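The values are calculated or read from the model by the stated rules, or taken from the named source; none is laboratory data. The structure displayed is predicted, hence computed values, not measured ones. Every residue, glycine as well, gets a Cβ built from its backbone with ideal geometry; the counts of neighbours run over all protein chains shown.
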Amino acid sequence: MNNTKTFSNILYIDDEIHNLNSFRASFRRIYNVFTAISADEGKNILDKNEIHVIITDQRMPETTGVEFLESIIPFYPDPPRILLTGYADMDAVIAAINKGSIYKYIQKPWNEEELQQIIDGALEIYALKKSKKELTEKLIEMNEQMEFLLRQNLLS
């Protein structure tokens, strides 16, 4: 997946504009970066774009990162989710793992190199999920074709 990183869409949601700007400045040459200042704006981006990794801040005014991630699972189950927070809130970590299907939990301020490694790992997971889904669909189609041919042979 490393050679396709620049085609990877990363969504980062944070209510602090300087964090969004810092993230974009750090990663815009490596990934296709989308940023949102609210959960609603993040949801709009998800509705209009194929996002491969979702990163969100935990503490935001209208909703927590965990609540947002939990709310989008039925609609966007495939992108790995990363939770960022400036607070050592163990309840948030536990809720994130249990409710939001979190891939990783990272404390702010992030280490750019470490965050890039985590994003790359998440992209590999996304690619594997996508490949698995495609292979499963092909297998189902081939099984249906084989059943059809078997029925035809039994009837002749």
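Observations
- When region 76-87 is limited to residues that are part of a loop (DSSP other than H, G, I, E, B) and under 12 Å from the mean Cα position of the chain (by Cα), the one that is surrounded by the most Cβ atoms within 10 Å (Cβ to Cβ) turns out to be PRO79.
- Whichever residue in region 28-74 is over 16 Å from the mean Cα position of the chain (by Cα) and closer than 17 Å to GLN116 by Cβ and, among such residues, is surrounded by the fewest Cβ atoms within 10 Å (Cβ to Cβ): ARG29
- Scan region 53-75 for residues that are closer than 21 Å to ILE125 by Cα and either aliphatic (A, V, I, L, M) or assigned to a loop (DSSP other than H, G, I, E, B) (or both) and the total you get is 9.
- Subset of region 33-52 [under 15 Å from TYR76 (Cα atoms) and in a loop (DSSP other than H, G, I, E, B)]: ASN49, GLU50, ILE51, HIS52
- Residues being under 29 Å from ALA25 (Cβ atoms), at pLDDT 90 or above and of a type in the set (S, T, N, Q) - total across region 104-156: 3
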